[in-house]
Each structure stands twice: as structure tokens, then as C-alpha cells.
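Notes follow the structure.
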Amino acid sequence: MMEGMSKVSTLDDVSKAIIEQLQQDGRRPYATIGKAVGLSEAAVRQRVAKLQETGVMQIVAVTDPMQVGFNREAMMGIEVDGDIEAVADLIAVMPEVNYLVITAGSFDILLEVVCEDDEALLEVINRKIRALPGVRRTETFMYLKLRKQIYTWGTR
């Protein structure tokens, strides 16, 4: 999760409209966005830069891991003894982990792992995550099929 997402941010309606335009198409020209939200191209460019600088949003290319050689994806739940944030920080730097949240409930941490194959997944689970001090228990949920993944949920 992006660092800036934990901060409470007040966005005006124009900034929200710009975000929604970019969620629909991250390559949409600033001039087109400007027409839709009532700003000049330069003003949109400045707003987008500010939204990125403050960590409110980022513009990235989203790939399908299966199509780029990562054939095993899984969600993991982790129970921690001691400092949850310290364990989360150790896991967050692992290149195989692409999503991590600290949660309330039966798991202290939920994370998503993307690996080349089952052997690589076993390596991450057994030798990297379970070997960390403070990790009490893990549960792995292997993905069988991706049914929905969207980034156009808009703003409120």
C-alpha cells in the first residue's frame, strides 16, 4: 500500500474527477481530462503532479502475473507474536510480496505473494516468512483463477 494512503486527505471535487478520469485510462491526455473537468491542460498537469507528490495516487502499468511468467499467486494470513509492524516491515521488503496490510481479525497481516512456481512459493513461505522472529502461524490461500480485479472504483 502506498505510504500516503494512510493519511487523511481532503480532495476537492475537481481533483476527484481527475483521479476518476485517470482510473478509467491512465494514459488519457491532460487536455482531454481538462475538458472533462473544466481546467486547462497545464492546470491538470499541475494537479496530477501534486496528487503524485503527496502520495494520493500513482500511475502504473498493471500486468497479469500469469502472462509475464509468474505462475503462482497466493494470499497469506499471518499471526504475529509481539510487534506486528516490525514483522510487516520485514516482509514488505521481500520482492515476491506485492501487497501487504495490517489487519484486525483472525490474522494480524494479510499479504499477496507472486512467484514463478510452487517451489519458489515454498521458499518464500518456509525460508523467508515462517523463519522470521515473531511469526506465530501462517495460512496460505493459493489462487486458482482471477475473477475480478478493478482499479476504477472511483472516489467519494
How high is the FRET efficiency from R147 to S40, r the C-beta distance, R0 41 Å, rounded to 0.05? 0.50
Each label point is 7 Å from the Cα along the Cα-to-Cβ direction; what then is the distance between the points at V93 and K16, in nm? 3.9
Near A120, within a Cβ-to-Cβ distance under 12 Å, what is the net charge of the other residues, with Lys and Arg +1 and Asp and Glu -1? -4
So how far apart, in nm, are the two label points at Q52 and R127 if each is 7 Å from Cα heading toward Cβ? 3.8
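Computed from the coordinates by the stated procedures, all read-outs in this text should not be read as laboratory data. Because the structure is predicted, anything quoted here is derived from the model rather than measured. Don't worry about glycine lacking a Cβ; one is built from the backbone with ideal geometry, like all the others, and counts go over all protein chains shown.
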